[in-house]
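Down below is the structure, laid out as structure tokens.
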Amino acid sequence: MQLMTRTCNVQYCHNLSLFGCSPPSHSQHRYGTKIPPTVLADRMAAYVHYFTLHGALRPFGAAALLASYDAETKDHALHMIEPSGVTHRYYACAAGK
């Protein structure tokens, strides 16, 4: 189970949420198990970082918080994906003004 909140521009985070919910991001159909939360956060951070590398693409101007629970390991996680493409795991986190 995953929950994503956003800061700043709705359009940026809508694009991020579509990427997180797209079939390549899920491993259910390929590996028979759901994607671990840390792997999903890393993939989303790599997607955000890709936009900072190329001059033709506009970088994301929003941070995203990804709260998730892994039923297999019975572990919860809170990841913050920064606009630079860096992700960190937190116990508690705040973003925005």
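Tabulated results
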{"quantity": "Sequence-separation-based contact order of segment 30-97, relative, with Cα cut under 8 Å and 6+ spacing, percent", "calculated": "31 percent"}
{"quantity": "Residues with amide H under 5 Å from that of residue 35, placed H, sequence gap 5 or more", "calculated": "27, 28"}
{"quantity": "Residue 73 accessible area, 1.4 Å probe, all protein chains in place, Å² to nearest 10", "calculated": "90 Å²"}
{"quantity": "For residue 19, solvent-accessible area (1.4 Å; no DNA, RNA or ligand), Å²", "calculated": "60 Å²"}
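The values are calculated or read from the model by the stated rules, or taken from the named source; none is laboratory data. Computed from a predicted structure; not experimentally measured. Side chains are part of the model used for accessible areas, which takes the heavy atoms of the whole protein and leaves out ligands, DNA and RNA. Shrake-Rupley method; radii C 1.70, N 1.55, O 1.52, S 1.80 Å.
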